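For reference, the structure discussed in these notes is given below.
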Amino acid sequence: MAHRETNAIAIACTAMSIASRNSDGGGGGGGGGIWSFLGSIAASIGGGGGAIGRGGGDGQCDIFFSLRLNEAMDEAEELKAAIERARPQVTCFLSGGNPNSANLGLLIPTALANAKMAIVMGSQTYGKKTASNFSTFEEMQYILSKQKPMFLLKMCHTWEEPQAEVMLGSRKYKQWPNRLTQEIVDEVLQQYDRL
């Protein structure tokens with residue numbers, strides 16, 4: 001892809017990222033047609049460059065974390081660290097708190113599209129449709145529509161969002177036990193090994 005085209009895409013993604021930061025802080029994802037558009041761009045150029053502070057810097061990763069940043073970031077960081085300690089060769093993508101937030105419009109869809117599996121941190125408002133271009137609503141829809149292997153951690157008794165309850169309620173899940181256990185790490189890696 002030509003340098004000028006890459007710059008135009010980066011500018012468009014930067015604008016979308018700025019808009020998403022002005023929302024209520026959902027997870028990652030994308031909005032409807034934009035999601036498909038960004039996914040095709042990400043696939044065609046093969047990554048967004050620049051390091052992201054939480055792994056999968058070029059958008060290439062083995063495991064993608066889908067979560068509401070304001071509800072499950074600490075738990076996701078702990079699980080990511082445990083996975084990477086147990087399997088240093090397994091790369092995980094966890095959005096948020098990174099120095100290259102302007103690249104998120106490209107990095108998030110690339111990481112989700114390229115990941116071998118997703119870990120869904122199913123907190124109380126997981127699946128909420130927000131004004132953000134990167135909410136867990138769009139991530140959930142993408143994961144399910146592409147039948148991406150998913151490890152669902154239910155972090156509440158009942159989801160507030162009807163779409164999460166309807167789309168995830170009948171799926172196999174592991175109840176989050178209020179703290180990370182070795183059992184959860186082992187089950188995630190067993191599922192990953194079966195891929």
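Quick notes
- Cross-link pairs exceeding 18 Å between alpha carbons, from the set LYS116/LYS148; LYS128/LYS172; LYS80/LYS172; LYS80/LYS146; LYS116/LYS154; LYS129/LYS174: LYS128/LYS172; LYS80/LYS172; LYS80/LYS146; LYS116/LYS154; LYS129/LYS174.
- Within the assembled protein chains, the solvent-accessible surface assigned to LYS154 is about 20 Å², based on a 1.4 Å probe.
- Cα centre as origin, Lys/Arg/Asp/Glu Cβ charges: the stretch 156-195 dipole, Debye: 100 debye
- Considering all C-alpha pairs of the stretch 115-167, those separated by over 14 Å amount to 50%.
- Average Cα contact separation per residue, the stretch 111-195, under 8 Å, 6 or more apart, as relative contact order %: 32 percent
- Taking GLU160, GLU138, GLU75 and ordering them by how much accessible surface each has at a 1.4 Å probe, largest first, produces GLU160, GLU75, GLU138.
- Average accessible area per residue (Å²) across the stretch 64-195 - probe 1.4 Å, nucleic acids and ligands excluded: 45 Å²
- Accessible-area ranking of THR158, THR181, largest first, probe 1.4 Å: THR158, THR181
The values are calculated or read from the model by the stated rules, or taken from the named source; none is laboratory data. Just so we're clear, the structure is a prediction, and the values are computed from it rather than from any experiment. Here Cβ is always computed from backbone atoms with ideal geometry, including for glycine, and neighbour counts include all displayed protein chains. Ligands, DNA and RNA are stripped out before the accessible areas are found, and what is left, the full protein with its side chains, is counted by its heavy atoms. Shrake-Rupley method; radii C 1.70, N 1.55, O 1.52, S 1.80 Å.
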